[in-house]
């Protein structure tokens, strides 16, 4: 295969380079590596408790939940051109994400492929995140089905919680799908979980492949609270009767659901807190999650895969425990090390994490400083343990997929469309973010990475809008490779240049003091408006003071005037130009200054100013106009040689944006 040849070629070149290096040079590399290692040793930090949560076969699990007939057969989500994921049964046959459906059918003739429904998965993700945010309000989602949380603060508060706050039903009537009259008095509850009719809840390790069917909760599935590492005794979740529940111990004749659900009291420790979180996710969604608990993000992510599906693993918070855990870990299990990197490292006898230390002189010589430092950090089990609150919001959001070499145009467009829809749902679930710049990322089979971007005239989070731009960029790349088909091994779609859907309201700044003195270097935009206002002849039939300036974009010439009526009162408005930072008038954009009058009610006066095509607007007769400024649908520009100026770069009520 061409990919194998490329890897072999690169490895051969590196080996030739290594063969030519002197022993003295390698000794110097060893000394530098040791110095870095000594520095990294000082960075162990066990003060935070990080949890990584990962839903089990998320898309497939949602489909199996909604169609139980799929639960015990090999199935996948996607289409003939591309699969998004597969359930654990299908994975036994080698069916994987990003695999074309027709190839998957050759591996598994009985495979059932269900169409992707991103809107449904996004809705379920929002429910999951509502649970996660109760343990960490600043949790960091990585995708629809994966997130990091810092449990440190929750664990402190948890010690003060009473038993009732840590007690949840083992299941509820939502799991019983029978008609009400057939339920024979089953007690109503607000949350649901599958049946578990024993006297206690077992807390034993899941057996991964042997426990595959437990990854999706069906009506007769017994949910195990968690799996834990074998060398640490789990804190036990206690089963207790809720005195408010009926004492009827009979079962529903159709689904065998007990009518007297027991309740689970979770302890205050971190393992029970995570077990409780996973239990509540299951109550809300009837889906299972796996989790990792450790001192940093790197370790937590690795740990979350230890007892998948439907399990959890906690790594003790000591240096010895961390190093023992990492030393025999295959490098392929390390985030950021893919199949290609794995093969390259294996060529230099690096197969497990302890080999990063053993061959540190060679790795120092072969790899860049940043990559080498990452290798040593992985060997030591170091990683970030402070989750960014990101108060200003993310700079961008993206989704991407790696796959075997793909060159069929229809398959590439199908994948691009699917990624666009997934990104759109991710944006909507992240406080309804909207962006203006779409970026397509592709990696060729030669491992060359290209990114192409294009901006939209208005912000959006619509999947079809994103796809239209991404597809144009993809089509351009296909045309540029007209001599031979564009063959990719990775595709990603990113949205940036964000605004939120309510940014328009956020930009309605209340001006508390319009008499601020402009600085020597920056002329106040509002002072210029005020100066122009004083020079105008404003025709009013009443004596109320001018109280509000509304700014609208318009294509009408500078100096044009129009009337705005308000309960018989007229205000003359004049179209004014926009100043740039230096005080020069730009000819690229003009705007309309609308001066409104003080009113006396709570009616929103901004309905008058949302049209850029009308020169006359009507103010509600009972409108209240406070001293404020509307920065409406407009664009500010510097002079043509200076380029565009973002007026929202500075949040300052007395000086608008960058002016």
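Tabulated data
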read-out	value
Breaking point among (1) surrounded by 12 or more Cβ atoms within 10 Å (Cβ to Cβ); (2) more than 30 Å from residue 286 (Cα to Cα), for residue 24	(1)
Residue under evaluation residue 381, criteria (1) modelled with pLDDT of 90 or more; (2) on the phi < 0 side of the Ramachandran plot, criterion not met	(2)
Residue within region 1-23 that is touching a residue at least 60 places away in the same chain (Cβ under 8 Å), under 30 Å from residue 127 (Cα atoms) and in contact with a strand residue (DSSP E or B) (Cβ under 7 Å, 6 or more places away or on another chain) present	no
Subset of region 87-104 that is in a helix (DSSP H, G or I), touching a strand residue (DSSP E or B) at 6+ places or on another chain (Cβ under 8 Å) and free of Cβ contacts under 8 Å to residues at least 40 places away in the same chain - its residue that is surrounded by the fewest Cβ atoms within 10 Å (Cβ to Cβ)	101
Residue under evaluation residue 54, criteria (1) touching a helix residue (DSSP H, G or I) at 6+ places or on another chain (Cβ under 9 Å); (2) assigned to a loop (DSSP other than H, G, I, E, B); (3) under 27 Å from residue 403 (Cβ atoms), criterion not met	(2)
Elements of type strands (runs of 3 or more DSSP E) contained in region 105-178, each with 3 or more residues being touching a strand residue (DSSP E or B) at 6+ places or on another chain (Cβ under 6 Å) and in contact (Cβ under 8 Å) with a residue 24 or more places away in the chain	112-114, 146-150, 167-169
Residue check for residue 295: modelled with pLDDT of 95 or more, more than 30 Å from residue 87 (Cα to Cα) and out of contact with any helix residue (DSSP H, G or I) (no Cβ under 7 Å at 6 or more places or on another chain)	yes
Selection from region 329-355 of residues that are in a helix (DSSP H, G or I) and without any contact (Cβ under 8 Å) to a residue 24 or more places away in the chain	332, 339, 341, 342, 345, 346
Qualifying positions in region 437-455 - surrounded by fewer than 13 Cβ atoms within 10 Å (Cβ to Cβ), part of a loop (DSSP other than H, G, I, E, B) and either in contact (Cβ under 8 Å) with a residue 12 or more places away in the chain or under 22 Å from the mean Cα position of the chain (by Cα) (or both)	446
Looking only at region 456-482, and only at residues there that are over 20 Å from residue 410 (Cβ atoms) and loosely packed, with under 13 Cβ neighbours inside 10 Å, the one that is nearest to the chain's Cα centre (by Cα)	458
Qualifying residues in region 402-413 (those that are buried (at least 18 other Cβ atoms within 10 Å of the Cβ) and at pLDDT below 90) - the one nearest to residue 96 (Cα to Cα)	403
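Here's the yes/no breakdown for (1) surrounded by fewer than 20 Cβ atoms within 10 Å (Cβ to Cβ); (2) farther than 24 Å from residue 144 by Cα:
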site: 9; (1), (2): yes, yes
site: 38; (1), (2): yes, yes
site: 71; (1), (2): no, no
site: 80; (1), (2): yes, no
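The values are calculated or read from the model by the stated rules, or taken from the named source; none is laboratory data. What you see is a predicted model; the values in this text were computed from it and never measured. Quick reminder, even Gly has a Cβ in these numbers, built from the backbone with ideal geometry, and neighbours come from all protein chains shown.
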